[in-house]
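A quick write-up on the structure given underneath.
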Amino acid sequence: MFGLPRMMFTEEHELFRQSVRDFIAREITPYNAIWEKQKMVSRESWRKLGENGFLGIQAPESLGGMNIDDFRYNAIFIEELGLSGCSGPAIGYPLHNDIVMPYILHYGTDSAKQKYIPKMVAGEYIGAVAMTEPGAGSDLQGMQTRAEDMGDYYLVNGSKTFITNGYLSDVVVVAVKTDPGKGAKGISLLLVDRDMQGFSKGKPFDKVGLHAQDTCELFFEDVKVPKENLLGKPGDGFKYLMTELAQERLVVALAAVALGEFMLQSTITYVKERKAFNKSISDFQNTRFKLAEMTAALEQGRIYCDYLVQLHNEGKLDSAMASAAKYNMTELQCKVADECVQLHGGYGYMWEFGVARAYADARVQRIYAGTNEIMKELIARKILK
């Protein structure tokens with residue numbers, strides 16, 4: 001990369017970055033291949049993240065966090081995970097940190113916060129969000145999971161699929177229909193606990209990529225969810241989802257840039273060492289031009305995302321901006337993945353090479369957190385209103 005100075009980070013941020021980098025080198029990278037075979041990271045890794053203060057830094061000190069309301073720290077954590085090339089952890093850890101916990105902190109009852117946040121900060125409880133269903137993906141209003149108001153509790157029935165962190169999850173933010181006749185205004189969010197009777201999980205899916213990240217189906221059969229586990233107000237769930245999805249899509253964009261940079265750096269190292277026709281592959285004009293194109297695009301992407309992180313810190317990031325970032329950066333990540341595999345030649349198709357795994361891992365980025373087709377629709381709504 002060009003090594004352009006990143007003015008938004010202070011010395012304190014860079015010290016944090018180094019601690020994250022050291023932790024990843026010690027506790028994540030050496031175990032990633034094992035986790036890929038197991039289809040999930042270890043619970044021990046979650047606890048170690050908690051012990052080192054990398055989970056829930058925005059949470060109040062009274063709940064075990066550091067009360068640091070500065071998303072730049074989150075961005076550093078996401079970025080360093082991506083730069084390690086460990087795609088599964090780069091998705092699963094931030095989802096818990098930057099997507100699940102904010103729902104509870106922003107909309108949870110005091111009792112729910114006291115029950116779940118300290119355990120999530122410690123890495124004892126793992127969080128997930130359950131929106132997608134077998135028959136309803138990006139169309140959240142089409143969900144069929146129901147929650148019937150029984151007075152002191154909700155009775156939940158239905159199922160969710162493609163749930164990140166699903167198999168290991170201890171607490172899940174579940175989108176349900178509490179008033180099916182009201183469309184989007186009939187959606188609510190509930191916290192479902194691992195110990196609730198009638199809540200079960202399917203086996204981890206055999207995915208094309210992200211093998212070190214557990215994804216599965218969740219099933220709800222007459223699950224009694226106490227009223228204190230309702231997030232916010234009944235019927236306001238869709239509004240909360242739309243509010244929090246901006247940060248989720250920024251997280252995906254940040255990971256996409258970092259994972260793209262990992263692939264590029266791996267490829268630069270490879271083409272310098274690989275010989276063909278009695279010279280280094282890096283000496284061929286096509287190689288040099290491809291590396292130049294990817295470097296320029298990723299550098300621009302990083303600057304773009306840095307700017308959005310600053311806007312987010314100021315409370316100025318809207319849904320369309322986040323959608324544009326998610327769309328642009330995931331498209332770029334997939335393009336970089338394809339180019340890097342090509343520059344590796346046959347070796348780029350071998351699983352032992354990081355670029356092959358990164359290629360398989362990249363494709364889903366354009367699908368989850370809202371498909372890129374939905375992202376373009378959201379962008380269009382803003383520019384045409």
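Taken over segment 114-153, the criterion of being assigned to a helix (DSSP H, G or I), in contact (Cβ under 8 Å) with a residue 40 or more places away in the chain and more than 22 Å from the chain's Cα centre (by Cα) is satisfied by Gln114, Gln141.
Per the conditions (1) in contact with a helix residue (DSSP H, G or I) (Cβ under 6 Å, 6 or more places away or on another chain); (2) in contact (Cβ under 8 Å) with a residue 40 or more places away in the chain, the sole criterion not satisfied by Ser282 is (2).
Among the residues making up segment 210-233, those that are surrounded by fewer than 19 Cβ atoms within 10 Å (Cβ to Cβ) and in a loop (DSSP other than H, G, I, E, B) are Gly232, Lys233.
Consider segment 52-90 and keep the residues that are among the charged types (D, E, K, R) and farther than 18 Å from Leu15 by Cβ. The one that is nearest to the chain's Cα centre (by Cα) is Asp69. Of the listed requirements (1) within 20 Å of Tyr116 (Cβ to Cβ); (2) out of contact with any Gly (no Cβ under 8 Å at 6 or more places or on another chain); (3) crowded, with 24+ Cβ neighbours inside 10 Å, Ser169 misses just one: (2).
Per-residue answers, yes or no, for (1) free of Cβ contacts under 8 Å to residues at least 40 places away in the same chain; (2) under 29 Å from Tyr73 (Cβ atoms); (3) hydroxyl-bearing (Ser, Thr, Tyr); (4) not assigned by TED's automatic domain parsing to the domain that holds Ala246:
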{"site": "Lys290", "(1), (2), (3), (4)": "no, no, no, no"}
{"site": "Tyr307", "(1), (2), (3), (4)": "yes, yes, yes, no"}
{"site": "Leu317", "(1), (2), (3), (4)": "no, yes, no, no"}
{"site": "Ala322", "(1), (2), (3), (4)": "no, yes, no, no"}
{"site": "Asp338", "(1), (2), (3), (4)": "yes, no, no, no"}
{"site": "Asp361", "(1), (2), (3), (4)": "no, yes, no, no"}
{"site": "Arg366", "(1), (2), (3), (4)": "yes, yes, no, no"}
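Comparison of Leu343, Leu298, Leu378 shows that the only residue that is modelled with pLDDT under 95, over 17 Å from the mean Cα position of the chain (by Cα), over 24 Å from Thr215 (Cβ atoms) and not small (Gly, Ala, Ser) is Leu378. Answer with yes or no whether Phe77 is touching an Asp or Glu at 6+ places or on another chain (Cβ under 9 Å) and touching a residue at least 12 places away in the same chain (Cβ under 8 Å). Against the criterion (touching an Asp or Glu at 6+ places or on another chain (Cβ under 9 Å) and touching a residue at least 12 places away in the same chain (Cβ under 8 Å)), Phe77 qualifies.
The values are calculated or read from the model by the stated rules, or taken from the named source; none is laboratory data. Note that the coordinates shown come from a computational prediction; the quantities given were computed from them, not determined experimentally. When we count neighbours, we look across all protein chains shown, and the Cβ atoms used for this are built from the backbone with ideal geometry, even at glycine.
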